[in-house]
Amino acid sequence: MITSKLPNVGTTIFTRMSQLATDTGALNLSQGFPDFNGPQALLDAVGKHIASGHNQYAPMAGLPALRQQVAAKLARSYGVTVNPDSEVTITPGATQAIFCAIQAVIRSGDEVIVFDPCYDSYAPSVALAGGRCVHVQLGLQDFSLDFEQIQAALSPRTRMIILNTPHNPSGALISRAELDQLAELIRHRDIYLISDEVYEHLVFDGVPHVSVLAHEELYQRAFVVSSFGKTYHVTGWKTGYVIAPPALSAELRKVHQYVSFCGVTPLQYALADYMAERPAHVEELPAFYQAKRDLFCDLLASSRFSFTRVAGTYFQLVDYSRIRPDLNDVDMSLWMTREHGVASIPVSVFYQNPPQGQRLVRLCFAKREETLRQAAEKLCVI
């Protein structure tokens, strides 16, 4: 008999809803991936490097040229200087990066503060390290940090706090003032941070992304995680990176080298080439996705869903209280998929204890215009 180390974990909601969309022929606005390709020059570069023989192990910390391009991008985006050799680590995906960061510093009995609704990989990673998640709910209306609750959640066992900005699933952003307040709260405590910033370049309406990288005090105790897959529309490449001070990077790499050792070599070469040739890509990304957000929201304006346009990410939350208040969000997502041909994600799955009466589902707008128009047409008749 196997005694599970994760007895309460099953197949993720993202897998289940995507499978249901496939089985029913529904439009898949559930799982967060584009239905369009990444830049052609980037795709072409992969084939070039495969043909050139770049098919063996990359260095454990990542291809030097790619780490240098990441450091250059951070300097342009946030005005920060990081050492590409000792502070940048390329990983096979941001989820793997988060896992390795947690395993590097969390020990048996440690507590990790996470903010609900939170991404579903955090808690299992903490459990596998022998730690325990302490769940703090974000504001019900604006998904903002509640510092009274954070202070109440702190204990002598608190070892880590996991931030996520722009926030999945709500799209909310953390401000500089909130980072300052957090710094004051944990200044004299032995607490590490993970800042999950995979949607760092998907911030809208002219608002800048506030990164922990640019907060000198917090960065000294932080692992900052991002994703090439999200930034370059190639989520299936499962390639990400971690920025952390040298001592933390060294500990992260001790774990990373025994989880995967390195990322995929030709993908790293291609990304390094494309970043060098097209540095403006990340500057153009906010307008690219804001146009999709605005198109989708405009198309939904005549529907019975209520919503506020998201500030970041490529997810739009919609409230269905005026449509089927009798259904919880899991049943609503199943009903929408089976009966109306649009797959979504129920927001309750991101909570330890979902708020009573919340009626929200998450829709992904990282889709072609044709897909968004088809989905909106279906949603407007519900």
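The values are calculated or read from the model by the stated rules, or taken from the named source; none is laboratory data. Every value quoted in this text rests on a predicted model; they were computed, and no experiment measured them. Cβ: placed from backbone, ideal geometry, glycine included. Neighbour counts: every protein chain shown.
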- Task: Kindly list, by first and then second residue, each pair from a residue in the stretch 1-17 that is part of a loop (DSSP other than H, G, I, E, B) to a residue that is surrounded by 10 or more Cβ atoms within 10 Å (Cβ to Cβ), limited to pairs with Cβ atoms under 7 Å and residues at least 6 apart or on different chains.
- Result: K5/L128; L6/P124; L6/A127; V9/P124; T12/D120
- Could you give every pair whose Cβ atoms fall below 7 Å, whose first residue belongs to the stretch 27-43 and is on the phi > 0 side of the Ramachandran plot, and whose second residue is surrounded by 15 or more Cβ atoms within 10 Å (Cβ to Cβ), counting only separations of at least 6 or pairs across chains? none
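Quick check on this structure: which one of A127, A97, A153 is touching a residue at least 24 places away in the same chain (Cβ under 8 Å), under 26 Å from Y258 (Cβ atoms) and out of contact with any helix residue (DSSP H, G or I) (no Cβ under 9 Å at 6 or more places or on another chain)?
Working: A97 fails: out of contact with any helix residue (DSSP H, G or I) (no Cβ under 9 Å at 6 or more places or on another chain); A153 fails: under 26 Å from Y258 (Cβ atoms).
None of the other options fit; the residue is A127.
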- Query: Of the residues that make up the stretch 318-326, is at least one basic (K, R) and in contact with a Pro (Cβ under 7 Å, 6 or more places away or on another chain)?
  - Reply: no
- Message: Can you say whether I13 is closer than 21 Å to V198 by Cα, modelled with pLDDT of 95 or more and touching an Asp or Glu at 6+ places or on another chain (Cβ under 8 Å), as far as the supplied structure shows?
- Response: no
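Can you confirm whether V70 is in contact with a strand residue (DSSP E or B) (Cβ under 7 Å, 6 or more places away or on another chain) and either under 20 Å from H167 (Cα atoms) or in a loop (DSSP other than H, G, I, E, B) (or both)? Quick ask: steps written out before the conclusion?
Working: in contact with a strand residue (DSSP E or B) (Cβ under 7 Å, 6 or more places away or on another chain): yes; either under 20 Å from H167 (Cα atoms) or in a loop (DSSP other than H, G, I, E, B) (or both): no.
In short, no.
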- Query: Restricted to the stretch 13-23, and to residues that are surrounded by 15 or more Cβ atoms within 10 Å (Cβ to Cβ) and out of contact with any strand residue (DSSP E or B) (no Cβ under 8 Å at 6 or more places or on another chain), which residue is farthest from T371 (Cα to Cα)?
  - Reply: R16
